[in-house]
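The values are calculated or read from the model by the stated rules, or taken from the named source; none is laboratory data. Quantities reported herein were computed from a predicted structural model and do not represent experimental measurements. Every residue, glycine as well, gets a Cβ built from its backbone with ideal geometry; the counts of neighbours run over all protein chains shown.
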Amino acid sequence: MLTPEETQEAQKQVNELKNQVQELRTRLNQINDQKEDLFSQKIKVSEQIKTLINETVKLRKERNKLTSEVKQEKEERKKLNTEVQHKIKQIKEKYQETKTVEQKGPVERPGPIKMMMERLETQIETNAMSFEKEKEIMKKIKALKKKYDQLKQANIAWETTHELSQEIRSEKEKADKVHQEIQDKAKVSQDKHEVIIKESKKIDDLKVEEDKFNKEIVLKKEEMAKINSELEGKLHELSIINSKLNIEHREKRHDREQTKAKKLSERKREAEDKLKNGGKLTTEDILAMQS
């Protein structure tokens, strides 16, 4: 059995341990709250990262699509410019042909001859004239027709040059239109690229922040594990002392019960002796005998 001093010291240790356990549990709850707060902040950052990544992926697809379209349109522009250069070369060749013809002498244009033919044909159709007069006009028309065909053949280089000029103008307009589309799409693509760069920088910064939260959460978990270990030690120590005190209490109670039983047994014998000797029993004697 423990001495009174030992029992008092054990009870003092129990009280101290209970206070320490309460303090450790309070610290554990505080650190757990801090850990949960860090985790909530980390979740928000992770959601921001996820949103930015989705936006960046979408922007990359749009930018790549524009880049592909610009590449195709550059090929189309190159093709149009090649055709324009080819036709300019043809014009130069036809122009050289006309210069060669002009060096041989003045070149009469077929346009005025054709107009003269049309006037004569209109005159035959609208005016009443003699057969001889009509025959004479028809002869003139025939001569003009022959001359027109010759002039037309001689001026074919000029006509070809005109047609080529029209085609060049049309293809240049197409090339300019394609060029403008290239410029517009290239600008939009560049704008998206710049946004991607900014978003990627934000993602990198947020990942650093996320990593910081993860490290702080790990530290809080380690701190909680350390406190839990200490708490388990204190609870174990408290359990041992409580066990000793419980044994002490049980032994003392047993001693008290034994002493009480012994006293009752003695009182019972005394009461029985009184009864045998004809003595008067007291209330206590009667209770002793009943117990």
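One table, with the values for the structure above:
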quantity: Qualifying positions in region 26-53 - surrounded by 14 or more Cβ atoms within 10 Å (Cβ to Cβ) and more than 16 Å from Glu209 (Cα to Cα); calculated: Arg27, Leu28, Ile31, Asn32, Gln34
quantity: Residue match in region 161-170 (condition: at pLDDT below 90, outside any helix (DSSP H, G or I) and not aliphatic (A, V, I, L, M)); calculated: no
quantity: Filtered residues of region 215-232 (kept if touching a residue at least 60 places away in the same chain (Cβ under 8 Å) and surrounded by fewer than 15 Cβ atoms within 10 Å (Cβ to Cβ)); calculated: Lys221, Asn228
quantity: Residue identified as part of a helix (DSSP H, G or I), within 27 Å of the chain's Cα centre (by Cα) and not basic (Lys, Arg) among Leu80, Leu66; calculated: Leu66
quantity: Members of region 127-147 that are among the charged types (D, E, K, R) and closer than 14 Å to Ile113 by Cα; calculated: Lys140, Lys142, Lys145, Lys146, Lys147
quantity: Count - residues of region 182-203 that are polar (S, T, N, Q), within 23 Å of Gln72 (Cα to Cα) and in contact (Cβ under 8 Å) with a residue 40 or more places away in the chain; calculated: 1
quantity: Of the criteria (1) within 18 Å of Asn64 (Cβ to Cβ); (2) in contact with a helix residue (DSSP H, G or I) (Cβ under 7 Å, 6 or more places away or on another chain), which one Asp184 fails; calculated: (2)
quantity: Of all residues making up region 233-291, the number that are assigned to a loop (DSSP other than H, G, I, E, B), surrounded by 11 or more Cβ atoms within 10 Å (Cβ to Cβ) and modelled with pLDDT of 70 or more; calculated: 1
quantity: Within region 1-59, tally of residues that are in contact (Cβ under 8 Å) with a residue 12 or more places away in the chain and either of a type in the set (Val, Ile, Thr) or not in a helix (DSSP H, G or I) (or both); calculated: 10
